[in-house]
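Peer 1: Dumping the structure here so I can ask a few things about it.
The values are calculated or read from the model by the stated rules, or taken from the named source; none is laboratory data. For clarity, every value in this text was computed on a predicted model and none was experimentally measured. All Cβ positions, even for glycine, are placed from backbone atoms using ideal geometry, and neighbour counts span all protein chains on display. Areas reflect the complete protein model, heavy atoms only, side chains present, ligands, DNA and RNA absent. Shrake-Rupley method; radii C 1.70, N 1.55, O 1.52, S 1.80 Å.
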Amino acid sequence: MIILSIGLLGLIGCAGERPSNLGARDGLLTGCPDSPNCISSQSRDERHRIAPFGFSGDPVAVFARLKSVLERRSDTRVIEESIGYLRVEFRTVLFVDDGEFLLDRGGMVIHVRSASRLGYSDLGKNRRRMEEIRGQFEKS
């Protein structure tokens, strides 16, 4: 029983604390740390770089469509929303990752960032998840 309790406490601790340094500032998302468990469309280094979501049409309607895609996902919860910005939590069985979406009206793209709260490597999970969301967004 003691071992089970310790194991459960360990699993609960895998969520980590919600970062306080996220959010869009001057059209930029927070940069990725050196660890490989983060991806960003605004990153300059290839290891962390992912393409932004391109779109055409009314930016406000497109961003609302993205929010709808995210709200339909069982692993995603919207944490913060402002005009042209969404911050979400992605939950897996053991971990919580933080995702961000920033509308760039002039560039006709939505910049994205996703990072693990804990650990060093995510084994590519943030990239795979963001590409899955891209596919859902493009089909919606």
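Peer 1: Just the accessible area per residue of the stretch 50-125, please: how many Å² with a 1.4 Å probe? The partial results should precede the final answer.
Peer 2: On the way: 3610 Å² over 76 residues.
For the stretch 50-125, the solvent-accessible area averages 48 Å² per residue.
Peer 1: At most 14 other Cβ atoms within 10 Å and a DSSP loop assignment: could you name the chymotrypsin sites (Phe, Trp or Tyr not before Pro) in the stretch 57-128 that fit? Present the calculation step by step, with values, prior to reporting the outcome.
Peer 2: Working: sites: 63, 85, 90, 95, 101, 120; in loops: 95, 120.
In loop regions of the stretch 57-128 (DSSP not H, G, I, E or B), the sparsely surrounded chymotrypsin sites (Phe, Trp or Tyr not before Pro) are 120.
Peer 1: A further question on this structure: Given the rule -39500 (n - 2.57) for each run of at least 4 DSSP H residues, summed and divided by the residues of the chain, what is its mean residue ellipticity at 222 nm, to the nearest 500 deg cm²/dmol?
Peer 2: Numbers: 3 runs with 40 residues, N = 140.
Calculated mean residue ellipticity at 222 nm is -9000 deg cm²/dmol.
Peer 1: Something else now. Quick one: P(r) of the chain from all Cα-Cα pairs, 5 Å bins, percents rounded to integers, in order of increasing distance.
Peer 2: With 5 Å bins starting at 0, P(r) equals 2, 10, 20, 23, 20, 12, 6, 3, 2, 1, 0, 0.
Peer 1: Nothing charged except the Cβ atoms of Lys and Arg (+1) and of Asp and Glu (-1): what's the magnitude of the dipole of the chain about its Cα centre? Round to the nearest 20 debye. Don't jump to the answer; show the numbers that get you there.
Peer 2: Values: 21 positive and 19 negative charges, 50 e Å.
So the magnitude is around 240 debye.
Peer 1: Highest GNM mean-square fluctuation, the chain, Cα pairs closer than 10 Å: which of 54, 23, 99?
Peer 2: 54
Peer 1: If the elastic network links every pair of Cα atoms under 10 Å, which of 110, 79, 50 fluctuates the most in the Gaussian network model of the chain?
Peer 2: 79
Peer 1: Which of 70, 102, 94 ends up with the largest GNM mean-square fluctuation for the chain, with Cα atoms connected below 10 Å?
Peer 2: 94
Peer 1: Going from most exposed to least, what order do 60, 78 have by accessible area with a 1.4 Å probe?
Peer 2: Details: 60 85, 78 45 Å².
Largest accessible area first, the list is 60, 78.
Peer 1: Right, here's the next one. About its Cα centre, what dipole magnitude does the stretch 49-128 give when the only charges are +1 on Lys and Arg Cβ and -1 on Asp and Glu Cβ, stated in debye to the nearest 20? Present the calculation step by step, with values, prior to reporting the outcome.
Peer 2: Values: 14 positive and 11 negative charges, 51 e Å.
Here the size comes out at about 240 debye.
Peer 1: Let me ask something else about it. For the stretch 40-131, which whole percent of the accessible surface, found with a 1.4 angstrom probe, sits on carbon and sulfur atoms? If you can, show how the numbers build up before the last one.
Peer 2: Details: 2480 of 4650 Å².
Here carbon and sulfur together make up 53 percent of the probe-accessible area.
Peer 1: Right, next: Based on the Cα coordinates of the stretch 93-140, what is the per residue volume of their convex hull in Å³? If you can, show how the numbers build up before the last one.
Peer 2: Details: hull volume 4.3 nm³, N = 48.
Each residue corresponds to 91 Å³ of Cα convex hull volume.
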